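To start, the structure itself, in structure tokens.
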Amino acid sequence: MDFQSNATLDSCSDESAELALKYSRVLGHMPQTFGVAIRGLMSDYANGGGLSEGTLFQLRRLIKAPTLLASLYFGSKTFFPHLFRADAQKTPSDLIALYDPFCLAAVLSNIYLYKRCKRVCNKEEWRFIAEPLQRNLEIGVRLGSEYKPVGMGPGLMTSFVFYAFASFLAHDTPGFVDYRRHLKRNELDFDPHYELCHWGCTSVQIASNLLISLGFGVSAATSYFQGTSCDVKSIAAIPGPSQPFALIRRWLSSVHIKVGSGRMPGNEFGSMAAEQRSALLQDISETLENGSKYRWLERTKLDVNSLDMPDLIIPPDMLEDVRDAGMEDAGPEGEPVEAAH
Amino acid sequence: MRILIAEDEEVCGKLLQRILERYGECVVARNGQLAVEAFQEAFASGKRYDLVFLDIMMPVKNGQQVLNEIRDYEQENGVPLGGATKVIMTTALDDEENVFEAHVSGCCAYLVKPIDKNKVIQEVRALGFSV
């Protein structure tokens, strides 16, 4: 594969688009089963209704994979904590029903891409992506959920720029190390000019390609691209569907800069009641300080058990499979070890 | 095109070989360990396989372990991720965890048994091979 860096490229050129496509392919082929499910979810979303029978069939097949079910369960517990009580039993299908089709597509994509990126990246460097990715995603969801016109979907997609970082890291480890140091030094979440100079394309371009290859469609990817790459001053000038992505980015930057340094954001969140704003900022501060509460994207099949998931009705055949796998993966002392990635 | 078929079931192995041999040189490995060895020997001798068919349920080492070893070996030997050997997993229908894990580990596609000639050719074409 021919990669090149070219400081003269701009993100609208054909050459830059071609490079972005190559970087997105560094992460490999997207699973067919995911593609079918996500295309189904996006079609259901466009139709404005609930999940169609065909989409449900695909989703039920997907969550027969215990690793996927484990991440979906702990992700749902992260985003809807008030719905999880030991005495309120749930089935795997109930977890699906918690989300609208767009958000479910974003959750499933995160589960796959996170695990794929973890597998292909240098382990030492991956943690510099994984930690902020999980924090941003959870804060993004919290912010989006609080403000209905934005919703949790764009929050769930704040992680896609980090998956693009993973493709830079997988292709050019020393280059990525320099980049993350540059971001830290300059208190930036990403720097498209730096990315263009060093890799010929931007992380937002790569992330948009990932969305297309996962099955989100060109229209969703374009909204994401326009919103995430737009200048914060130009939010009002971009098309309506792109605005939630721009708002989430603006809020996240504000949260990182202000809450991270002990200050309170001002009017960034619109006309929010003082009590609501205070609860939101409290949650955000906790996530910034402690990271992801349930580390949902790190979950594996070994987490599928009645002790860790007391309120989930786990299909008995899945429990048997997981028990068998646990025995296979057990270390010398019989302790389960994390499955090899 | 050079093709490695890792398949412990004789009938399946022969069927895949018969379908694919007109498109390139096929080598069949009867268990996972032999598949890893065949892959590494071919790589070291400069005759890399272009395509690997990997059964998930195999003795000695299963398809998942073989795939991980192939990807680790490629990484250690400086193969860029976009240039890695294409791997198609073959599996039984009710095998969602293995299919998910295989994709996370970098398989390109999977085929559900029983092996069907048209589906095999379709998947190989989808990976960019002219068959």
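Tabulated results
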quantity: Residues of region B:32-72 with amide N under 18 Å of the 7 Å Cα→Cβ point at A:D317; calculated: B:57
quantity: At 1.306 mPa s and 10 °C, Stokes diffusion of chain A via Kirkwood alpha-carbon radius, µm² per second; calculated: 76 µm²/s
quantity: Helical contribution to [θ] at 222 nm, DSSP H n ≥ 4, -39,500 (n - 2.57), averaged over the protein assembly as shown, rounded to 500; calculated: -17500 deg cm²/dmol
quantity: Contact order relative to length of region A:83-239, as percent, for alpha carbon pairs under 8 angstrom and 6 or more apart; calculated: 17 percent
quantity: Average beta-carbon neighbours from other chains, 10 Å sphere, peptide B:67-80; calculated: 1
quantity: Region B:7-112: relative contact order in percent, alpha carbon pairs under 8 Å with at least 6 residues between; calculated: 24 percent
quantity: Range of Cα positions in region A:93-152 per principal axis (Å), largest first; calculated: 37, 25, 15
quantity: Shielding score for A:57-66, defined as the mean number of other chain Cβ atoms within 10 Å; calculated: 3
quantity: Rounded to 10°, Cα long-axis angle of helix A:316-329 versus longest principal axis of chain A; calculated: 70 degrees
quantity: Cα centre as origin, Lys/Arg/Asp/Glu Cβ charges: region B:7-112 dipole, Debye; calculated: 460 debye
quantity: Descending semi-axes in Å of region B:32-131, equivalent ellipsoid built from Cα gyration tensor; calculated: 21, 17, 12
quantity: Ranked A:L59, A:L156, A:L302, criterion: other C-beta atoms within 10 Å, fewest first; calculated: A:L302, A:L59, A:L156
quantity: Backbone HN-Hα couplings from phi across region A:192-204 [Karplus 6.51/-1.76/1.60, Hz, Gly and Pro as x]; calculated: x, 5, 4, 4, 4, 5, 8, 10, x, 8, 10, 5, 5
quantity: Extension gain, A:Y194 back to A:S306 (0.36 nm per residue minus Cα-Cα distance, nm); calculated: 35.5 nm
quantity: Cα radius of gyration and Dmax for region A:154-199 (Å); calculated: 10.7, 31
quantity: Centroid-to-centroid separation of region A:128-205 and region B:32-66 [C-alpha atoms, Å]; calculated: 36 Å
quantity: Reference-scaled alpha-carbon Rg (2.2 N^0.38 Å with N residues) for region A:14-86; calculated: 1.46
quantity: 0 to 90° range, to nearest 10: angle between helix A:123-146 axis and chain A longest Cα axis; calculated: 90 degrees
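Throughout, read-outs are computed from the coordinates displayed, never taken from laboratory work. Computed from a prediction, not measured in an experiment: that's the story for all the values here. Quick reminder, even Gly has a Cβ in these numbers, built from the backbone with ideal geometry, and neighbours come from all protein chains shown.
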